[in-house]
Amino acid sequence: MSPDIAIIGAGVVGLSSAYVLAGTGRSVIVLDRGEAGMEASWAGGGILSPLLPWDYPEEVSLLAARGAALYPDWTRELHDASGIDPEYRKCGMKILPGNRSLEKAGPWCEAHQTPHLALDDGFMLPDVAQVRNPRLIRSLRAALEKMGVSILTHHEVASFERCGDRISALLTSKGERFAAGNFVVCAGAWSRVLLEPAFSSPEIYPVRGQMLLFDAPGLTDTILLRDEIYLVPRRDGHLLVGSTLEYAGFDKSVSAEVGRQLHRKAAEMLPGLENLQPVRHWAGLRPGSPGNLPTIGRHPEIPNLYLNCGHFRYGVTMAPECARMLSSALT
């Protein structure tokens, strides 16, 4: 028997969408071209906030805030369901002097009733939290499997089978056929490639971000930010440093020179890093979109095709709220 919904993409947005939709009683399958959650969802820093919310369109800041507000209860629920702690933690974010738009911070926070504190050496957002991306993915996947949701990895969707103005099935690169009542594209940076040329697509493009990881316990317990470079302390003593914005197509390679630049900028923010060597250097591909605005809802031409994609840097932050919005549109 065909499922009610087939979701393409097993990143945090796809898995969150599956979790919410399966919770409404729909039968769901999820397909991914690789391993679950191993693209942008795994690569990012897990900061549950736009870096500088006053620099973004109101829609982005509002959607991110709604998603972040769901995280305390959502991660407890996932922990209980899966036995895996996503390591949600409210640690605050300190914005160091040098950010060009910092003069807008106080008025924006006052207008949006956002807790804040002006400091002699920066600006503090005490309610900003973080989550550990890989653990969130593992928790979601385990919870979904207990709900009976099939997650089919290494199943690359090659084309869509049409019947009139509707999609009847997905065809994979291995020649497999998967029929369903409705289809949802949550394929991150690959969403536009997947949709075109068969269907019109929102403008979504890959944006590479390089990251460093240090073993640096005790250097900071607060997220630090200056000029798009952020430092995120993990519970186990590791420290993430990110991230670049590079328009390099689907190339996920890393550059030693970029790694040195990230290290230098991080050490300027936190001098204790100067004599430490990173234990890992990687890159991920964010799903860029004009104005950082995701596309959520039904496709304008295909009545049983839905989109939840184009979240750029904030897919993790927005995921639970975007999943609720998608479920509302679909059900």
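Please work out how many pairs of lysine residues in the chain are eight or more positions apart (or on different chains) and have Cα atoms closer than 29 angstrom.
So the count works out to 9.
Could you rank the peptides 281-292, 107-118 by their average count of other C-beta atoms within 10 Å per residue, with the highest value first?
Highest-to-lowest ranking by the protection proxy: 281-292, 107-118.
In whole Hz and in residue order, list the ³J(HN,Hα) couplings for the stretch 133-148 that follow from phi through the Karplus curve 6.51 cos²θ - 1.76 cosθ + 1.60, θ = phi - 60°; x for Gly and Pro.
Karplus-based 3J(HN,Hα) across the stretch 133-148 equals 3, x, 6, 4, 4, 4, 5, 4, 5, 5, 5, 5, 5, 5, 7, x Hz.
Report, in debye and to the nearest 20, how large the dipole of the chain comes out about its Cα centre when Lys and Arg carry +1 and Asp and Glu carry -1 on their Cβ.
500
Taking Cα pairs under 8 Å and at least six residues apart, what relative contact order does the stretch 1-104 come out at, in percent?
About 18 percent, as a whole number.
Which distance in Å, rounded to a whole number, links the C-alpha centroids of the stretch 92-116 and the stretch 54-87?
21
Quick one: which of 119-129, 269-279 comes out on top by average Cβ neighbours within 10 Å, and what's the full order, highest first?
119-129, 269-279
With Cα extents along the principal axes in Å defined as stated, name the option among [x] 72, 51, 31; [y] 63, 42, 38; [z] 55, 40, 35 computed from the structure displayed.
[y]
Report, in debye and to the nearest 20, how large the dipole of the stretch 1-160 comes out about its Cα centre when Lys and Arg carry +1 and Asp and Glu carry -1 on their Cβ.
About 280 debye.
Throughout, read-outs are computed from the coordinates displayed, never taken from laboratory work. No experiment lies behind these values; they were computed from the predicted model shown. Backbone-built Cβ (ideal geometry, glycine too); neighbour counts: all protein chains shown.
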